[in-house]
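*Asks:* Okay, handing you the structure first.
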Amino acid sequence: MITLTINGVSIQAEEGASVLGIARANNVWIPSLCQHDSLSDYGACRLCLVEIVGRGGRRKVTTSCTLPAAAGLEIVTESERLTRLRRTVMELILAGCPHSQGVRELAEKLGVKPGRLETNPDNDCILCGQCVRACREISQAEAISFGNRGVDRKVMTPFGEVSPRCVLCGACVFVCPTGSRLLNLAKIAGEEPRALLSRFDAGMTSTGAISRPFPQAVPNVPAINRLACLKLNREACGICEKVCEAKAICYQDADRSRKLEIGAIVAAPGFEPFVPDHDYGLGYTTNPDVVTSMEFERILSASGPFGGHVVRPSDGHAPRRIAFLQCVGSRDVSCRNGYCSSVCCMAAVKEAIIAKEHERSVEPTIFVMDIRAFGKEFDKFVERAKSEYGIVFKYSRVSDVVRDEKTGENEVIFADESGRLQRERFDLVVLSVGLEPSGDTRRLARLLGVRVNEYGFLWTEPLRPLATSRAGLFAAGAATGPRDIPETVIQASAAACEAARLLAPARNTLVTERVYPPERNIAGEPVRIGVFVCHCGINIGGVVDVPAVKDYAAMLQGVAYADANLYTCSQDTQKLIKQRIEEHKLNRVIVASCSPRTHEALFQETMKESGLNPHLFVMANIRDQCSWVHQQDPEGATAKAKDLVRMAVAMARLAEPLQSVSLPVTPAALVIGGGLSGMTSALAIADQGFDVCLVEKEKELGGNLRKLDRTLAGQDLQALLQSAIAGVRKHPRIQTHVGARMREIKGFVGNYESTLSNGTVFKHGAIIVATGAVEYQPEEYGYGRHRKVITQMELSRHLEQGLKSALSSVVMIQCVGSREDPRQYCSRVCCSKAVQNAIRLKALYPQAEVRVLYRDLRTYGMREPYYAEARDKGVLFTRFDLNDRPEVIWNGKSEKPTVLVKDPVLGLKTALKADFVVLSAGMVADGEANDVLAKQLKVPLNQDGFFLEAHVKLRPVEFATDGVYVAGLAHGPKSSDESIAQALAAASRACVLLSRKELEAHGTIGDVDPERCAACGLCEKICPFGAVTLEVQRIGRTDRLLARINPALCKGCGACCASCRCGAITLRGFTDEQILAEIAAL
Amino acid sequence: MNNDHPSEFREWQPRILAFLCNWCSYAGADLAGVSRLQYPPNVRIIRVPCSGRVNPAYILKALQDGVDGVLVSGCHPGDCHYLTGNYYARRKFRLLKELLDFVGVEDGRVQFSWVSAAEGAKFSQVMTEVTEKVRALGPNRRLAKRIVKM
């Protein structure tokens, strides 16, 4: 290191470094157009002139970029002479290149106006040579260079011909300060450059050869694209290694093989969206305003390519009319995807609503065959889309999209319900693309030696939905068939359950526990804070004056020690922090660096290793919230950093050690409901070595399963019933109570004590609610009044037992008791049931006319091929509208009933005489029983009476209240395989809890001051986790009603604290005093 | 705010306090940082577990202490890590707004927003808007007990 002087200020610098670089690093601005940090210095533009002050005050002018730093050098960057010289140079550059934005801006900054000199309006190159240097030094391609001499000098390829050496890296274009047209890669290389497209943005933005895959990637660090990296492919470039101060770039990293001993495998390779290629039609490959739903998703995203503005790609204008075309690449044998992709209907509805929310003028139309809103609460969402957002649904088949080049409109050609061809114009067309197995899925299947189904999805056993064709190998998620987020999450937990069943004996055998030194008792110690300010290389130090922040911190009240580190998160610094804690008897530590969201845990670990409570650590975020976002304002950023440190010190002064509370866990589970779900859960938990108490209110186990015969694919459900009952009965860890109900449930997560109506008392740690649902008892269509009007369940029974006489006509009516007030939800299974029974009828009585009257036929996922089969076999499907529903009439009780329904093709009412009218009766929750149980468990029901999970997408088997889980029909209508998956998932979640010896409640929880509590009960009412209860407690010598916070249930959100009228509750770690101290410190 | 520079050299700068919930808005602030999205350096952030943790008294206290503007930012409706905290926050601020109106605190001094962990750009935009809005309102004089010179 040497010392030189710039504008009278002494500066430490590396000997030989460029003076321009040193000046810029010290926030001294010198104009330049030819300098780039990644390129050698060249002195082409002559703008970075400075004066060297020589002996006797003589001043020599030279370019600073090519001037190496030397000891004692004295530099002046601003003087009248320099200004004059720079202006002259600038004026020449501006005249030579008058239209470049970069040149004009700099000219303006230097006070140079155009006009004095003759200009060359066609030229856009200032001959700075950055492109030439980039091509040589970065890409090592040497495809372009300077050619000709004097006024003819220009950047060109040898002889102006196509250069085979060009690698189309675009480094020249990137560094060019004027955006010169000379750098036309297509002309230089003779082929069109292709951008590296961002997969995350559905190919709508480009990305670099090194980039973070997407904003919230885990781990959130950049990765090198090895197919595009110049270093890996050509030993060129290497800029990322040069600029990374943390030395994190390692080009040598390679794939490694590792051998692992494992007991089970879960495959979850996911899906790929369908790509509508040229042959598929609809113009996706040629029409810029036809986008896929994945692309539209990114268009709508605030972090997407258009910043969340709804625009169409062709011209960037906001589209008014948007068409969503459903079933692109699904339900379509022409592309061999005969299945339904299950998720696209709701995705389209969601995208239409969001588009409408962004831009009220948008008019979305969704072209559907059926609206498949079969999930929980989905139908209500669709109804809202229609009534609140005015989204139009058109029952139709789309044949093509044709672009009108003149107006930029896109004509959707479709057949409407009556079969007539229609045309409608739209500004933007969104193709709701289906889900396909990825190429990786096939490769993985071959590698694992497991079967795939006819569409290439991983095959799983119909009634063990996670089990593949090979023992010990399980598959979950969309790799086994299209499914929505909640089903995927359920399957993931269920697969974990299946694996854990095999591995239960080995549980915890590979765990090494960390041992920490005993915690130092800091009670009575004066506050001694240590502040460590981080440079983070140049990330913070390049903007914020770190030494000044450190010195400032040292002066603050309570601070015993302050230091600045290059990288505070490095291993060495952790050691140093531990040392300093010991040397300076520190009892609070502040690190002023990056975000606590990423680094708090690391430093808290250091605290624990030093024998300090981790809650005595506070972080000031002076990088993400300061240096990175105020790069142009170093002064403001430094002032802000000081403030943030001061606020952190104020907070730390009041920090107290917080102890986490450990509570024992009773390793047993209570399963309420002995149907398919309950028995499945009970067996899964018992197989993992925990006791289970299974409670069934009926006299026999089995629930609804007793009434079912076969699945759609033909599996015998009665055999499943018998094996499940036998399994439960003979399992040594399961105690079964039939004909019993819950009398009382006391306790909380890990520690329950329940009493059954038969007097049994059971202690347990977890609860699974699997109370099922019941078949709706129809009142409509003459059910119960005419004996030929029956339900699907009854028809199944008839078919199983055999009918006395042949049938000639059967009419089925769908959505009986579902999808209309007061039950505005889809019962999910009835369409498949109807299709199943229709196929069976056709098999038994090929001559019979079987007609299904439906509103939307919802044979989702792999059920769709059965719908196609039914149509092939001659089953007739007729759609009806709710406001034009069928009628069932009959003359005498002995006469066959007649169904009147409007035929959409003819537009007329037709009368169908039927041997049987079969009603697809929906599922309803057992409202009263659920109500009682929900109150006992303190968990919520939805407005249809089904249990309401903690999060409809991400936590589909848990309740907000820890320790209680839900499975099967109690959660909502679903098929038997879905119930099995959910039951396994609930068992999985419960076993995570039960396998812990102790439950550790974290330290930041609410705390009640009994002196202030008025027992108003507001906290109990608002706590979403049921953690607060009003209880009679003994305070001194009196018994008083007070709020009590259960540390095992409290999540530390602080809602109770902020709502307490008496200020009786405070949140440890975020106390009122601490927050007010932070405010006061500002 | 520290007084390294004599007040006459710098034009008046609003002092703004932001309460950000740990799970969404604070993460959005981090994302703005990671993405290097620039915004004015006038806002000081206090991290809270949830926007529902913010007691309206904090806002009044901040205004009394001479802060020129307060922002509370939480998760989007339906996204709360604690299920309903942001709804509680919304209700509280609706009431607080009425109170502030009543005592004559200008509309815009206390603001509420939803910023998700994925919305770095939105965070930077909100910061800029809040700063400019408060700057246009001028120094807070209505409740301030302690007028601090910049």
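The values are calculated or read from the model by the stated rules, or taken from the named source; none is laboratory data. Note that this is a predicted model, so its numbers are computed, not measured. Heads up, the Cβs are rebuilt from the backbone with ideal geometry, glycines too, and the neighbour counts pull from every protein chain shown. Surface areas here come from the heavy atoms of the whole protein model, side chains and all, with no ligands, DNA or RNA. Shrake-Rupley method; radii C 1.70, N 1.55, O 1.52, S 1.80 Å.
*Asks:* Scan the stretch A:381-390 residue by residue and report those that are open to solvent by 40 Å² or more (accessible area, probe 1.4 Å) and at negative phi.
*Replies:* A:Phe381, A:Glu383, A:Arg384, A:Lys386, A:Ser387, A:Glu388, listed by residue number.
*Asks:* Only one of A:Phe374, A:Phe393 is part of a loop (DSSP other than H, G, I, E, B) and surrounded by 17 or more Cβ atoms within 10 Å (Cβ to Cβ); which?
*Replies:* Criteria check complete, one pass: A:Phe374.
*Asks:* Which one of these is surrounded by fewer than 21 Cβ atoms within 10 Å (Cβ to Cβ) and free of Cβ contacts under 8 Å to residues at least 60 places away in the same chain: A:Ser301, A:Ser314?
*Replies:* When all the criteria are applied, what remains is A:Ser301.
*Asks:* Take the residues in the stretch B:77-135 that are of a type in the set (Val, Ile, Thr) and closer than 30 Å to A:Leu954 by Cβ, then tell me which one is nearest to the other protein chains (Cβ to nearest Cβ).
*Replies:* Only one residue tops the list, namely B:Thr84.
*Asks:* Pairs please, first residue from the stretch B:39-63 and more than 7 Å from chain A (Cβ to nearest Cβ) and more than 22 Å from A:Ala592 (Cβ to Cβ), second anywhere and among the acidic types (Asp, Glu) and surrounded by fewer than 23 Cβ atoms within 10 Å (Cβ to Cβ), Cβ atoms under 9 Å, 6+ apart in sequence or on different chains.
*Replies:* These pairs meet every condition: B:Ala57/A:Asp1072.
*Asks:* Additional query: Taking the stretch A:192-232 only, how many residues are outside any loop (DSSP other than H, G, I, E, B) and open to solvent by 90 Å² or more (accessible area, probe 1.4 Å)? Quick ask: steps written out before the conclusion?
*Replies:* Filtering the stretch A:192-232 for residues outside any loop (DSSP other than H, G, I, E, B) gives A:197, A:206, A:210-211, A:223-224, A:230-232.
Filter once more, keeping what is open to solvent by 90 Å² or more (accessible area, probe 1.4 Å): A:197.
Within the stretch A:192-232, residues that are outside any loop (DSSP other than H, G, I, E, B) and open to solvent by 90 Å² or more (accessible area, probe 1.4 Å) number 1.
*Asks:* Within the stretch A:101-118, how many residues turn out to be under 20 Å from A:Ala44 (Cα atoms) and in contact (Cβ under 8 Å) with a residue 24 or more places away in the chain?
*Replies:* 7
*Asks:* Given A:Thr1066, A:Thr1029, which one is more than 28 Å from A:Asn613 (Cα to Cα) and modelled with pLDDT of 90 or more? Before you say what the answer is, go through the steps one by one.
*Replies:* Values: A:Thr1066 fails: more than 28 Å from A:Asn613 (Cα to Cα).
One residue alone meets the criteria, A:Thr1029.
*Asks:* Here is a follow-up. For residues that are open to solvent by 20 Å² or more (accessible area, probe 1.4 Å), in a strand (DSSP E or B) and in contact with a Cys (Cβ under 7 Å, 6 or more places away or on another chain), tally how many sit in the stretch B:14-56.
*Replies:* 0
*Asks:* Can you list the helices (runs of 4 or more DSSP H) found entirely within the stretch A:527-641 that contain at least 3 residues being out of contact with any strand residue (DSSP E or B) (no Cβ under 9 Å at 6 or more places or on another chain) and more than 10 Å from chain B (Cβ to nearest Cβ)?
*Replies:* Passing ranges, in order: A:571-583, A:596-609.
*Asks:* Out of A:Glu1073, A:Glu1078, A:Glu978, report the one residue that is farther than 16 Å from B:Tyr58 by Cα and in contact (Cβ under 8 Å) with a residue 12 or more places away in the chain.
*Replies:* A:Glu978
*Asks:* Output the residues belonging to the stretch A:827-871 that are outside any loop (DSSP other than H, G, I, E, B), open to solvent by 10 Å² or more (accessible area, probe 1.4 Å) and farther than 22 Å from A:Gln326 by Cβ.
*Replies:* A:Lys833, A:Gln836, A:Ile839, A:Arg840, A:Lys842, A:Ala843, A:Leu844, A:Glu849, A:Arg851
*Asks:* Would you check if there is a residue in the stretch A:901-913 being basic (Lys, Arg), at negative phi, crowded, with 24+ Cβ neighbours inside 10 Å and more than 14 Å from chain B (Cβ to nearest Cβ)?
*Replies:* No.
*Asks:* Filter the stretch A:691-707 down to residues that are buried (at least 20 other Cβ atoms within 10 Å of the Cβ) and assigned to a loop (DSSP other than H, G, I, E, B) and give me whichever is nearest to the chain's Cα centre (by Cα).
*Replies:* Among those residues, the one meeting the criterion is A:Gly702.
*Asks:* Residue under question is A:Cys244, and the condition is that it be open to solvent by less than 60 Å² (accessible area, probe 1.4 Å) and touching a Cys at 6+ places or on another chain (Cβ under 9 Å); does it hold?
*Replies:* No: the conditions fail for A:Cys244.
*Asks:* Would you confirm whether any residue within the stretch B:4-13 is facing chain A (nearest Cβ under 9 Å), out of contact with any Cys (no Cβ under 8 Å at 6 or more places or on another chain) and either open to solvent by less than 10 Å² (accessible area, probe 1.4 Å) or outside any loop (DSSP other than H, G, I, E, B) (or both)?
*Replies:* No, the stretch B:4-13 has no match at all.
*Asks:* Sticking with this one: Scanning the stretch A:586-630 for residues that are of a type in the set (Lys, Arg) and in contact (Cβ under 8 Å) with a residue 60 or more places away in the chain, which turns out surrounded by the most Cβ atoms within 10 Å (Cβ to Cβ)?
*Replies:* Looking at residues that are of a type in the set (Lys, Arg) and in contact (Cβ under 8 Å) with a residue 60 or more places away in the chain, I get A:Arg588.
*Asks:* (1) open to solvent by less than 10 Å² (accessible area, probe 1.4 Å); (2) farther than 23 Å from A:Trp628 by Cα; (3) within 8 Å of chain A (Cβ to nearest Cβ); (4) not in a loop (DSSP other than H, G, I, E, B): which one isn't true of B:Val67, the others all being true?
*Replies:* The one condition B:Val67 does not meet is (4).
*Asks:* In the stretch A:250-291, what residues are more than 25 Å from the chain's Cα centre (by Cα) and under 30 Å from A:Leu503 (Cβ atoms)?
*Replies:* Scanning the stretch A:250-291 gives A:Asp255, A:Arg256, A:Ser257, A:Arg258, A:Lys259, A:Leu260, A:Glu261, A:Ile262, A:Gly263, A:Ala264.
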